[in-house]
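Structure record follows, encoded as C-alpha cells.
The values are calculated or read from the model by the stated rules, or taken from the named source; none is laboratory data. Note that this is a predicted model, so its numbers are computed, not measured. Cβ: placed from backbone, ideal geometry, glycine included. Neighbour counts: every protein chain shown. SASA here: full protein model, heavy atoms, side chains in, ligands and nucleic acids out. Shrake-Rupley method; radii C 1.70, N 1.55, O 1.52, S 1.80 Å.
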Amino acid sequence: MDKNIKKQSVYISEEENTLRWEEVQNSFKKTFGNEIYSSWLQKITLIKEFNDYLILAVPTRFFRDWIVSRYLDKILEQVKSFKLSLNRIEFKIVEENKQNQDIFKINELSRITEIKDSILNYNRLNPNLNFNNFIQGKSNDIALSYSKKVCEQTARYNPLYICGGVGLGKTHLLNAIGLEMQNENNVMFISAERFMYHFIKSIKKNDMVNFKDFFRKSSIFIIDDIQFISGKESLQEEFFHTFNSLMDKGSQIIISSDRSPSKLERVQDRLKSRLSGGLVVDIDAPDLELKIKIIKKKIEEIQNQFKESISLNEEVINFIATESKTNIRELIGVLNRVIAFSRVHNKQLNISDCKNILKDVFNQSKVITVDKIQNVVSNFFNIALSEMLSQRRSRPLARPRQIAMYLAKKMTTRSLPEIGRRFANRDHTTVIHAVKTISRLSEQDDEMKKNINQIKSLLLEQ
Ligand code: ADP
Ligand code: MG
C-alpha cells in the first residue's frame, strides 16, 4: 500500500515553473485587444503551474463565470502556444487583497474548510451546462432521459453510469444533474483526477478522517471520468469504500467514463461489478441530424449572448455538420472558428471559405502519439527503434531515448507511468529523470534546443 501511495504522489505533483506569466499576459493583450484585456484578463494571476494544467486566480465568481463562458477557449489556446502540454485551466476565486499571498499557506483555516474550500472552488458546477441547452438526439436520448429520471427519483438507478467517447456530452450531463439537484441536496461534483488529488493530499497531511467525512457526507455524489482510476490501486481501494458507504446511506451516485465498466482496464473486479450494479447507459457519436441541431442552437445562443446576427446558410451548416468529426466538442470548435472568420471578414460564408477554415482546424488538431514520437526521434538520430527502446545506456542511445520520453510527456496527455510502460516497461521515475534532464539541457544547450525544435516541427508536419 505504501509503495503505491508513494508512486501516485510523485505522479500527481508534477509542478513546473516554465511559464512567464507577463509574456502570457502580453499575448492576451494582443489577442483580445486593450478593452477586454484591461477589464478582464489583466486581473487574472497565476497561482500554480503543473505540467498539464494551470491554476489561475480571479477576484470573484461572477468574474470567473464571465471569463469561462466567453474567453476560456481562447485563453487556453494562448497558453498552449507557450506550453503545448497544457490542456486545462482551473480557476480559484481569490479576493483581490489576498491575491499576493500564497494561498496554499492559509493554514489558519481548519483542515476541513481547506478541503471544502478548494473542492468547492475547483469543482463548481458550470451554470452553462444544463438540461435546457443539452440537445436531444438518437445517440444521447437514453442517457439524457435517465439523467433526468435520476433527478426525480433518487437512488432508483444507482449508480447511474454514463459512458461514451470524448466530447460527446458526458460532463455536460453530469453537470446538468448537479445543477438540477443542488438546491435540495448536498451535491458533490468532482472528477476522478481531483478526487485522487485530494486523496493524496490528505494522506500526506495525515488527514484521512476529514477526507472520508467530507466525501461521504454528500447525498448526490457525481464523479467524472472514472477511467482515471485505472492502475491506481490505493485510489481504487479508497473509492471502493467511499462508494459503499454512500450506497449504504442511500446517496445517489452518478459516474461517467469513456468506456463501460467491464472494459475498464486495470481496475479491481469487485469495483467493476459495483460500477455496473445500477444502470449503465451509453452516449454514441451524434448523427447528422443532431449535429445540425446543435449547430443551430449554438448559433442562437451566440446571437442572444452577443446581440449580433450570424448568418450561416443551410448549405454551410450542412457542410460543417457533415465534415466535422463525430465529437461534439470539436464540432463546436469548428463552428466557433467559422463564426469568428465571418465576423472578421464581415461576409456571408460559402462552402469554399468553410473548406479553407476546416482544413486549418484539422491541421491544428493533429494527434501526436507516443509511437509517432518514438519513430520520429529514432529516425531523426538515425538509430533503430529497437535500440532506442533497449536497455543499453550508451549516450548515443540514451539521449534520444530521453528526448523521446520528454516529448511524450510534453506533447501527449499520457501519464508518466504510461509513458514508462511504452518505453520497454521502464519505471515512471526514469521518465521524470528524462523530462528534467532534457528540460534543463534544452535551456542550456543550443544544439539540444535546435534538435528539439526540429523534431517538434517534424511531428507537427506529419
Ligand atoms: P465529454 O465529457 O463527454 O468529453 P462534454 O460534456 O465536455 O464531453 O461535451 C463537449 C462539448 O459539447 C461541451 O461544450 C458540451 O456542452 C457540448 N455538448 C455535448 N453534447 C451536447 C448536446 N447534446 N447538446 C449541446 N451541447 C452538447
Ligand atoms: Mg468530460
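Below is a table of values for the structure above.
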| read-out | value |
| --- | --- |
| Only one of 226, 310, 299, 220 that is out of contact with any Pro (no Cβ under 7 Å at 6 or more places or on another chain) and within 16 Å of ligand 2 (Cβ to nearest atom) | 226 |
| Checklist (1) within 16 Å of ligand 2 (Cβ to nearest atom); (2) not in a helix (DSSP H, G or I) applied to residue 177, failing item | (2) |
| Candidates 187, 209, 150 - the one that is without any contact (Cβ under 8 Å) to a residue 24 or more places away in the chain, more than 10 Å from ligand 1 (Cβ to nearest atom) and among the β-branched types (Val, Ile, Thr) | 209 |
| Qualifying residue in region 301-323 (condition: within 15 Å of ligand 1 (Cβ to nearest atom), in contact with a strand residue (DSSP E or B) (Cβ under 7 Å, 6 or more places away or on another chain) and not in a loop (DSSP other than H, G, I, E, B)) | no |
| Neighbours by Cβ (under 6 Å, 6+ apart or cross-chain): first from region 318-330, within 16 Å of ligand 2 (Cβ to nearest atom); second in a helix (DSSP H, G or I) and open to solvent by 90 Å² or more (accessible area, probe 1.4 Å) | none |
| Residue in region 380-393 that is crowded, with 20+ Cβ neighbours inside 10 Å, touching a residue at least 24 places away in the same chain (Cβ under 8 Å) and more than 28 Å from the chain's Cα centre (by Cα) present | no |
| Residue 129 being modelled with pLDDT of 90 or more and part of a loop (DSSP other than H, G, I, E, B) | yes |
| Test: residue in region 245-267 that is within 16 Å of ligand 2 (Cβ to nearest atom), open to solvent by 50 Å² or more (accessible area, probe 1.4 Å) and not in a loop (DSSP other than H, G, I, E, B) | no |
| Residue satisfying condition, being of a type in the set (S, T, N, Q) and either touching a residue at least 60 places away in the same chain (Cβ under 8 Å) or within 16 Å of ligand 1 (Cβ to nearest atom) (or both), within set 257, 262, 218 | 257 |
| Residues located in region 306-348, provided they are hydroxyl-bearing (Ser, Thr, Tyr), surrounded by fewer than 16 Cβ atoms within 10 Å (Cβ to Cβ) and modelled with pLDDT under 85 | 309, 311 |
| Hits in region 209-220 - residues which are crowded, with 20+ Cβ neighbours inside 10 Å and more than 16 Å from residue 147 (Cβ to Cβ) | 211, 215, 218 |
| Subset of region 221-244 [of a type outside the set (Val, Ile, Thr), within 16 Å of ligand 1 (Cβ to nearest atom) and crowded, with 21+ Cβ neighbours inside 10 Å] | 224 |
| Options 50, 32: the member that is more than 30 Å from residue 415 (Cβ to Cβ) and in contact (Cβ under 8 Å) with a residue 12 or more places away in the chain | 32 |
| Search result, residues across region 37-62 that are of a type in the set (A, V, I, L, M, F, W, C), assigned to a helix (DSSP H, G or I) and buried (at least 17 other Cβ atoms within 10 Å of the Cβ) | 41 |
| Any hit, region 63-80, residues being in a loop (DSSP other than H, G, I, E, B) and open to solvent by 50 Å² or more (accessible area, probe 1.4 Å) | no |
| Matching entry among 452, 368, 438 (being open to solvent by less than 30 Å² (accessible area, probe 1.4 Å) and part of a loop (DSSP other than H, G, I, E, B)) | 368 |
| Given (1) crowded, with 18+ Cβ neighbours inside 10 Å; (2) modelled with pLDDT of 95 or more, number of the condition residue 272 does not satisfy | (1) |
| Those residues of region 180-214 which are of a type in the set (Asp, Glu), in contact with a Phe, Trp or Tyr (Cβ under 9 Å, 6 or more places away or on another chain) and either more than 16 Å from ligand 2 (Cβ to nearest atom) or modelled with pLDDT of 90 or more (or both), in sequence order | 180 |
| The one condition in (1) at pLDDT 90 or above; (2) open to solvent by less than 30 Å² (accessible area, probe 1.4 Å); (3) of a type outside the set (A, V, I, L, M, F, W, C); (4) within 16 Å of ligand 2 (Cβ to nearest atom) that residue 137 fails to fulfil | (4) |
